[in-house]
Amino acid sequence: MSENPVYSRLDSAFARFLSQRTKLVSKQKQTFESLLLRLSSEQNQGHNCIAINPDEQDLLLASGLADTIGQLPLVTEKNRLYLQRYWHYENRLAMQLKAMMANQFSFANVDTLLDRYFSEQTTGTDWQREAAKLALSQSFSIITGGPGTGKTTTVVKILAALQELSPAPLHIALAAPTGKAAMRLQESIGSRIADLPCSDTLKSHIPETVTTLHRLLGARPPSPYFHHNAAQPLVYDLVVVDEASMVDLALMSKLVDALKPGARLILLGDKDQLASVESGAVLADLTQILPTHTLELKTSHRFGGLIKALADAVNQQQADEAWQILQQGDACCALLEEDLISTIAKQQLDYLHLINTGAAFADIYLAFNRHQVLCANRLGNNGIADINHQIEQKLAGQNQLALSGLWYVGRPIMVTQNNAALHLYNGDIGICMPDQTQGGKLMVFFLRPDGSVKKYLPTRVPHCETVFAMTIHKSQGSEFDHVLIILPETINQVLTKELLYTAITRAKNTVRLVADATVFKQTVTQKVMRITGLVDKFQTEKL
């Protein structure tokens with residue numbers, strides 16, 4: 001927290017509402033209200049709770065609005081203060097996972113089976129095989145690793161092995177936090193099934209469709225509740241969740257709550273990436289406290305060279321080494337020396353040309369997705385609002401765009417609000433262009449995970465934003481050939497090594513950065529520190 005925190009109107013209204021209902025008076029009430037301002041503010045910054053001292057805990061318990069058992073609006077636990085529902089989320093998640101971890105499995109001839117699925121490794125430890133062995137023996141497992149370490153390859157083989165070991169076909173669900181991440185996983189799973197060393201019948205039992213977690217659980221907007229819960233559990237024997245670092249505490253708790261008794265859960269993700277936008281750092285916490293249920297894949301099969309060296313240096317907070325890599329001016333990894341807006345505008349010409357020539361939408365989408373600009377912040381100089389506006393104006397000045405209003409030919413957008421009825425979800429990317437089957441009427445086209453194309457009238461598309469540039473947070477679960485990362489001109493609390501690592505690891509071929517040396521190095525030295533009690537809830541009982 002800064003010395004002079006700035007609280008939102010919502011923080012102030014929340015704190016005032018509860019403080020007016022306490023048993024406290026005068027200065028005690030002011031202290032109570034100050035604690036609630038902190039709690040509300042830090043909750044919005046991703047913390048599950050805030051740290052308090054013994055005197056503050058005594059005051060809270062004397063207020064009549066806090067207890068230690070979760071029956072009042074506020075809960076104190078050891079040196080932490082929670083909103084009631086987040087205390088329940090943590091407790092419920094820990095309790096459910098502990099119950100799942102009690103289920104262990106033992107199969108005869110499992111080593112022979114794994115030898116067939118993992119026959120490529122010749123020297124050293126085959127971490128993918130070890131991950132599979134772990135997942136076969138436990139109801140709950142985590143497979144983590146950086147880009148290119150083979151998380152998807154491993155899980156496809158795990159699914160096949162589990163189907164082979166099961167007396168009846170398992171009912172399996174594949175899910176991801178966003179539509180974009182679901183599309184990537186679906187493409188990856190589908191491309192690997194054919195090569196599995198098993199029968200076609202067995203392959204047919206491995207699902208190729210991936211859904212978002214909100215759709216899997218049955219979102220009921222605008223409420224925070226889902227159709228599936230402990231009373232109405234999911235039907236699946238196994239649920240696999242990719243990009244699990246993006247899953248916040250509330251959603252993870254609700255997912256685990258909705259699993260039927262005896263179901264398995266496998267989480268895939270990179271523990272070093274950004275934590276979820278909402279509260280918690282669930283994947284990082286669980287990998288820390290549950291080493292016997294976690295396997296980290298350590299060998300990268302497609303991610304190497306200077307991009308990997310830069311990502312590793314940032315992840316290890318080696319600021320000088322990371323900056324030196326960028327100074328080398330290598331073709332795949334360097335600081336941008338050309339004019340920023342002109343460079344970005346030039347990158348858009350391919351997909352705009354394909355629109356003008358009437359190309360298939362899949363080709364247009366692919367061309368647009370080759371390049372992506374990633375910003376750390378939404379507002380201010382070098383924020384996405386600033387960059388997107390400048391790019392629009394530059395392309396319009398070059399007669400590449402006709403800015404006739406909010407919707408124009410070539411406008412790329414990202415959906416920022418789930419709409420289950422339209423099957424459009426937060427993170428889905430679409431492009432506005434003429435529909436040749438309807439006399440050139442403007443429609444917004446989306447590419448589905450199965451390769452199909454959906455189109456909607458612009459007025460029907462949920463809340464969205466122009467996405468020539470997107471925030472690094474929004475890029476999670478995506479992958480691009482060429483990434484341009486733009487840091488702001490001054491340091492702020494958003495800039496952390498996790499943010500920068502996440503941005504760098506979105507790139508397959510090239511990374512360019514726009515950054516001041518001082519801001520870059522300060523970013524590398526800052527680390528996400530989220531206050532949670534999840535680790536403590538597992539430590540209180542030896543597992």
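Observations
- Members of the stretch 385-402 that are among the hydrophobic types (A, V, I, L, M, F, W, C) and open to solvent by 60 Å² or more (accessible area, probe 1.4 Å): 402
- Checking residue 421 against (1) open to solvent by 40 Å² or more (accessible area, probe 1.4 Å); (2) over 28 Å from the mean Cα position of the chain (by Cα); (3) without any contact (Cβ under 8 Å) to a residue 40 or more places away in the chain, the condition it does not meet: (2)
- If you go through the stretch 473-507 and pick out every residue that is part of a helix (DSSP H, G or I), in contact with a helix residue (DSSP H, G or I) (Cβ under 6 Å, 6 or more places away or on another chain) and either more than 21 Å from residue 322 (Cα to Cα) or not β-branched (Val, Ile, Thr) (or both), you end up with 5.
- Being open to solvent by less than 20 Å² (accessible area, probe 1.4 Å), under 22 Å from residue 451 (Cα atoms) and touching a residue at least 12 places away in the same chain (Cβ under 8 Å) is not true of residue 408.
- Hey, residue 213 farther than 21 Å from residue 137 by Cβ and aliphatic (A, V, I, L, M) or not: yes
- Residue in the stretch 346-381 that is nearest to residue 432 (Cα to Cα), counting only those that are polar (S, T, N, Q) and either assigned to a helix (DSSP H, G or I) or over 20 Å from the mean Cα position of the chain (by Cα) (or both): 356
Conditions (1) under 16 Å from the mean Cα position of the chain (by Cα); (2) open to solvent by 50 Å² or more (accessible area, probe 1.4 Å); (3) not basic (Lys, Arg), marked per residue:
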site: 474; (1), (2), (3): yes, yes, no
site: 492; (1), (2), (3): no, no, yes
site: 502; (1), (2), (3): yes, no, yes
site: 508; (1), (2), (3): no, yes, no
site: 514; (1), (2), (3): no, no, yes
site: 519; (1), (2), (3): no, no, yes
site: 529; (1), (2), (3): no, yes, yes
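- Subset of the stretch 323-345 [among the hydrophobic types (A, V, I, L, M, F, W, C), under 18 Å from residue 515 (Cα atoms) and in a helix (DSSP H, G or I)]: 323, 325, 326, 340, 341, 344
- Residue in the stretch 433-443 that is in a loop (DSSP other than H, G, I, E, B), in contact with a strand residue (DSSP E or B) (Cβ under 8 Å, 6 or more places away or on another chain) and either open to solvent by less than 20 Å² (accessible area, probe 1.4 Å) or modelled with pLDDT of 95 or more (or both) present: no
- Residue satisfying condition, being touching a Pro at 6+ places or on another chain (Cβ under 7 Å) and either closer than 30 Å to residue 108 by Cβ or outside any helix (DSSP H, G or I) (or both), within set 196, 174: 174
- Some residue of the stretch 468-479 being among the acidic types (Asp, Glu), in contact (Cβ under 8 Å) with a residue 24 or more places away in the chain and in contact with a Ser or Thr (Cβ under 7 Å, 6 or more places away or on another chain): no
- Scanning the stretch 450-472 for residues that are open to solvent by 10 Å² or more (accessible area, probe 1.4 Å), in a strand (DSSP E or B) and among the aliphatic types (A, V, I, L, M) yields one hit, 453.
- Among the residues making up the stretch 65-77, those that are surrounded by 15 or more Cβ atoms within 10 Å (Cβ to Cβ) and among the hydrophobic types (A, V, I, L, M, F, W, C) are 65, 66, 72, 74, 75.
- Residue selected from the stretch 1-28 under the condition aliphatic (A, V, I, L, M) and part of a loop (DSSP other than H, G, I, E, B), by the criterion least open to solvent (accessible area, probe 1.4 Å): 24
- Among (1) touching a residue at least 24 places away in the same chain (Cβ under 8 Å); (2) touching a Phe, Trp or Tyr at 6+ places or on another chain (Cβ under 9 Å); (3) not hydroxyl-bearing (Ser, Thr, Tyr) - the single one residue 514 does not satisfy: (2)
- Qualifying residue in the stretch 293-303 (condition: under 30 Å from residue 166 (Cα atoms), among the basic types (Lys, Arg) and over 21 Å from the mean Cα position of the chain (by Cα)): no
- Verdict on residue 31 being buried (at least 19 other Cβ atoms within 10 Å of the Cβ) and not aromatic (Phe, Trp, Tyr): no
- Single condition residue 429 does not satisfy, out of (1) surrounded by fewer than 19 Cβ atoms within 10 Å (Cβ to Cβ); (2) touching a helix residue (DSSP H, G or I) at 6+ places or on another chain (Cβ under 9 Å): (1)
- Taking helices (runs of 4 or more DSSP H) as the structural unit, those lying wholly within the stretch 202-294 and holding at least 1 residues that are in contact (Cβ under 8 Å) with a residue 60 or more places away in the chain, open to solvent by 10 Å² or more (accessible area, probe 1.4 Å) and closer than 16 Å to residue 90 by Cα correspond to 249-258, 282-289.
- Candidate set: the stretch 34-54, residues that are among the aliphatic types (A, V, I, L, M) and under 28 Å from the mean Cα position of the chain (by Cα); chosen: the one surrounded by the most Cβ atoms within 10 Å (Cβ to Cβ): 39
- Taken over the stretch 46-77, the residue count meeting the criterion of being in a loop (DSSP other than H, G, I, E, B) and touching a residue at least 60 places away in the same chain (Cβ under 8 Å) is 4.
- Within the stretch 80-93, not a single residue is farther than 21 Å from residue 255 by Cα and free of Cβ contacts under 8 Å to residues at least 40 places away in the same chain.
- Matching residues in the stretch 295-322 - criterion: being in contact (Cβ under 8 Å) with a residue 12 or more places away in the chain and not in a helix (DSSP H, G or I): 295, 296, 297, 298, 299, 300, 301, 302, 303, 304, 317, 318
The values are calculated or read from the model by the stated rules, or taken from the named source; none is laboratory data. Owing to the predicted nature of the structure, the values given are computational and were not obtained by experimental measurement. Backbone-built Cβ (ideal geometry, glycine too); neighbour counts: all protein chains shown. Only protein heavy atoms, including side chains, enter the accessible area calculation; ligands, DNA and RNA are left aside. Shrake-Rupley method; radii C 1.70, N 1.55, O 1.52, S 1.80 Å.
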